[in-house]
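Asks: Provided herewith is a single structure, encoded as structure tokens, for subsequent inquiry.
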Amino acid sequence: MLRTSLAKKIIREVKNFIEEDLIIVDTSGIIVASTDPDRLSNFHEGAYLAAAEKQMRVISKQDETTLSGVKAGITLPLFHQQKVVGVIGITGTPEKVLPYGELIKKMTELLIQESHYQDQFEWEARSMETFVFDWLLEDGPSTSIKKRAEVLGINMEVNRKVILIEFQTSEAFMKTKRWHFSEMDVDLKKEDIFVQWGQNRLILLLASHNTLNREPLLKMLKNIQSQLQSYIAAPIFMGIGKACNYSSLKDSYLEAERALNACSMDVPIIFEEDLRLEMILQAIPFEVKKEFAQRLLSPIISEKDLLETIQVYFTFHLSLKKTAKAMHIHINTLHYRLRKVEMLTGLELKKPHDLTTLYLACMLLDDSTKKH
């Protein structure tokens, strides 16, 4: 059965190559797409006969008086997987349209085949996405999950690690694109699983044979990052969990999410095993982060120069020289600003406890600003 939406698309594609009117008719003889809107939904007896006979039928001027709903031209049955799925009609004198009729037929059948493969890919992708979603977010792999894995040809006995990939772009763009690695130059194996994960994320379940050595893995991830960025011209963040067996893969997913949340423009790829302070910070509720940051920094939040100064100071690891250079200020100005920060906050930057407290406040302020 040829879908009406596809028939209309085919008409739009094919009409650019010829000047004559075109129609596409379903196997029951009803016109479902046409360059002439007045002919839509009309019965076309010539096309009906062409579909039944499975061969081209020439429509003469005389046929216009004996066959229902026809105009002079040719009707050609469209085949897909050796079955007639519709008929394309080209209006005009048969002598004129016959020479390129077969070409138009082949072009149309190629469009039908392409649409079929795209539909098949979409169905397979959605099936895989649903499977991975259920596998990772349920409490544990059930019997039904294992049976679905068999149907999908997935080896559940292979250890895998979860890699979450996030596009730093609008949701609207991601809605128009479904990704698959067959389009990319990436050395993935049969056991590796890659699916779209929501509107701005992808998820890669990387089999253990691809995760043995960290450096080759990091090189591969940077390659993926580079190729994806070239497609959408937007930053790509990646969080990587540790390798787990099929029954505990959810743990790797949670680790990957934790690592992804710690990513930034400066560090866009993070292995969960490298997280230290971030593990504690992510466990703090947002309201607590906000209250802590406000309590410590409220005296200087309105003083943009002071807040920026202390943030740059931490960025350059407490180097006075590098901080002054980065901010294009004199070293004496920097000293003055740091003393004013101490005075307003009541913290002494030479004391480890106070310095750590101020550093955490800046981190939590930045985190609450980015995430909410």
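Asks: Those residues that are in contact (Cβ under 8 Å) with a residue 12 or more places away in the chain, open to solvent by 10 Å² or more (accessible area, probe 1.4 Å) and not acidic (Asp, Glu), I need them from region 22-42; list them, please.
Replies: Passing the criteria: 27, 28, 30, 32, 34, 35, 39, 42.
Asks: Go through 33, 7 for me and flag whichever is out of contact with any helix residue (DSSP H, G or I) (no Cβ under 7 Å at 6 or more places or on another chain) and closer than 14 Å to residue 89 by Cα.
Replies: After ruling out the rest, the residue left standing is 7.
Asks: Please find, within region 207-263, the residue that is surrounded by the fewest Cβ atoms within 10 Å (Cβ to Cβ) out of those that are of a type in the set (Phe, Trp, Tyr) and out of contact with any Pro (no Cβ under 9 Å at 6 or more places or on another chain).
Replies: By that ranking, first place goes to 231.
Asks: In the list 18, 31, which residue meets the criterion of being more than 35 Å from the chain's Cα centre (by Cα), part of a loop (DSSP other than H, G, I, E, B), closer than 22 Å to residue 110 by Cα and not hydroxyl-bearing (Ser, Thr, Tyr)?
Replies: On inspection, the qualifying residue turns out to be 18.
Asks: Considering 222, 242, which residue is closer than 20 Å to residue 168 by Cα and of a type in the set (Lys, Arg)?
Replies: The unique qualifying residue is 222.
Asks: Condition (residue is free of Cβ contacts under 8 Å to residues at least 60 places away in the same chain, farther than 24 Å from residue 113 by Cα and not in a strand (DSSP E or B)) applied to region 71-87: is it met by at least one residue?
Replies: Within region 71-87, one or more residues are free of Cβ contacts under 8 Å to residues at least 60 places away in the same chain, farther than 24 Å from residue 113 by Cα and not in a strand (DSSP E or B).
Asks: Mind listing whichever residues of region 249-273 are farther than 26 Å from residue 135 by Cα and either of a type in the set (D, E, K, R) or modelled with pLDDT under 90 (or both)?
Replies: 264, 265, 266, 267
Asks: Is it the case, given these coordinates, that residue 230 is among the polar types (S, T, N, Q), out of contact with any Gly (no Cβ under 9 Å at 6 or more places or on another chain) and at pLDDT 80 or above?
Replies: So residue 230 passes the test.
Asks: Go through region 43-55 residue by residue and tally those that are buried (at least 16 other Cβ atoms within 10 Å of the Cβ) and not hydroxyl-bearing (Ser, Thr, Tyr).
Replies: Total meeting the criteria: 7.
Asks: Could you give every pair whose Cβ atoms fall below 7 Å, whose first residue belongs to region 43-67 and is part of a helix (DSSP H, G or I), and whose second residue is acidic (Asp, Glu), counting only separations of at least 6 or pairs across chains?
Replies: 46/63
Asks: Let me ask something else about it. Among 264, 252, which is the only one that is under 21 Å from residue 223 (Cα atoms), touching a helix residue (DSSP H, G or I) at 6+ places or on another chain (Cβ under 9 Å) and among the hydroxyl-bearing types (Ser, Thr, Tyr)?
Replies: Sole residue among the options that is under 21 Å from residue 223 (Cα atoms), touching a helix residue (DSSP H, G or I) at 6+ places or on another chain (Cβ under 9 Å) and among the hydroxyl-bearing types (Ser, Thr, Tyr): 264.
The values are calculated or read from the model by the stated rules, or taken from the named source; none is laboratory data. Note that the structure is a prediction, hence the values are computed from the model and not measured. Methodologically, a virtual Cβ is constructed for each residue, glycine included, from the backbone with ideal geometry; neighbour enumeration extends over all protein chains shown. What goes into the accessible areas is simple: the full protein's heavy atoms, side chains included, and nothing from ligands, DNA or RNA. Shrake-Rupley method; radii C 1.70, N 1.55, O 1.52, S 1.80 Å.
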